[in-house]
């Protein structure tokens, strides 16, 4: 069976999908409390979808009107008009726009916005984090994000457990690629620093210093189920450790992670805010520069010269926390770090746009609330990105970055039926992406608030 097909037809994910339970825009608490309905005897094998328009993720002209046929979990036809075979399920989405399922390359699904990550290490348990992860996975899926790259949990490998549960059909959620446990230096961004040196904090067992320790950490993460490696190249905003702009790993240390990951056929993602740390990570050969706040002209030129290294900014969290609802759990010194880094981060994004770099799409949820991932579109358009380019970033480009472009990222015959629909036209109003009303993952409908005919 295709590894990206929903597994376990009688599992909760398939139950919810086939029964059409997840169809209403309801609060997160209600989503967590809903019970699954009875499982239909057989899922519908052929689905035909109609919509006013289609944006296929490739960046070309819209198809209007649009029809699509799905056989099982695959797209089998796309055109302005298609025949509807006898026995097929018809879904008419009216004046809506169909798009490929969105992809977020920087999430932490087991994290909670109401618990600071250092507090989580002494006030929560791995089981609690995994259960909350199942809740946030559903919230994220219902928001139209059918695939995510998870950048490391508070409790190591709870993301591996969540990914496996989703793949087995035990819980509904997006397709996940997971880091397992991030790799940080002693005293760096991933070293919990609020505790007495006599207190054993579980996370510190994942620290690694020097090429040999880093190589072992990479091997350990892959042994325990990670899909890729996340290293903390510089300090972080939400940390009491080294400041965001400071480089925490040497180029030699980062290269050790890259060399070992490549032996496994895997990639390395680098959390990097500071300019020198970004450049060292690029030279070391990492696959993605996440955040990339200090992206200067030289760093942009380096990225243009290395087509295998991508920039993945996370911008909406800045306005969400500094301009709007704010946060009750981020300590004031860390909010001040965020204020200081904002202008640099937004300037770096504008440089990347002007240079025509392919830009990945990430959010760092829950630093921006789970389920509000699409606010990143609005922020990027405000900073000068064209709406179509923003949509392509979260679909085709992201699929290429995670090497799944043959399965997801664009609406094309032969690809998995990962689809979302929004009311109206997001090219005219990008905030339409924040009002997803239809979600299909692998041919299963998880949400349908838009149909005029179901």
(request) Kindly state, to the nearest 0.05, the FRET efficiency for residue 45 paired with residue 336, given R0 = 56 Å and r defined as their beta-carbon distance. (result) 0.50
(request) Sort 71, 290, 227, 114 so that the residue with the fewest other Cβ atoms within 10 Å of its own Cβ comes first and the one with the most comes last. (result) 114, 71, 227, 290
(request) In nm, give the distance between the simple-model label positions of residue 428 and residue 324, each being 7 Å from the Cα along the Cα-to-Cβ direction. (result) 2.3
(request) Quote the relative contact order of the stretch 102-401 in percent (integer), defining contacts as alpha-carbon pairs under 8 Å separated by 6+ residues. (result) 18
(message) Kirkwood hydrodynamic radius, the stretch 102-401, all distinct C-alpha pairs: what's the number in Å?
(response) 18.8
(request) Take every Cα pair under 8 Å in the stretch 64-161 that's 6+ residues apart, average their separations, divide by the length, and report that relative contact order as a whole percent. (result) 29
(message) Using only the alpha carbons of the stretch 48-119, what is the convex hull's orientation-averaged projected area in square nanometres?
(response) 7.6
(request) Sort 293, 451, 185 so that the residue with the fewest other Cβ atoms within 10 Å of its own Cβ comes first and the one with the most comes last. (result) 451, 185, 293
(request) Using only alpha carbon pairs under 8 Å that are at least six residues apart, calculate the relative contact order of the stretch 51-93 and give it in whole percent. (result) 30
(message) Going by average Cβ density within 10 Å per residue, which order do the peptides 74-86, 139-151 take, highest to lowest?
(response) 139-151, 74-86
(message) Whole angstrom only: what separates the Cα centroid of the stretch 206-223 from the Cα centroid of the stretch 397-454?
(response) 37
(request) Diagonalise the Cα gyration tensor of the stretch 345-430 and give the resulting equivalent ellipsoid semi-axes, square root of 5 times each eigenvalue, largest first, whole Å. (result) 21, 16, 14
(message) Place a point 7 Å from Cα of residue 213 in the direction of its Cβ. Which residues in the stretch 271-299 have their backbone N less than 19 Å from it?
(response) 271
(message) So if I take the centroid of the Cα atoms in the stretch 152-173 and the same for the stretch 294-365, what is the distance between those two points in Å?
(response) 27
(message) Taking the beta-carbon count within 10 Å as an exposure proxy, list 106, 273, 403, 135 from fewest neighbours to most.
(response) 403, 135, 106, 273
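FYI, it's all coordinate maths here, none of it is from the lab. Predicted model, so just to flag it, every value in this text is computed and none were measured. Note that each Cβ is placed from the backbone with ideal geometry, even for glycine, and that neighbours are counted across all protein chains shown.
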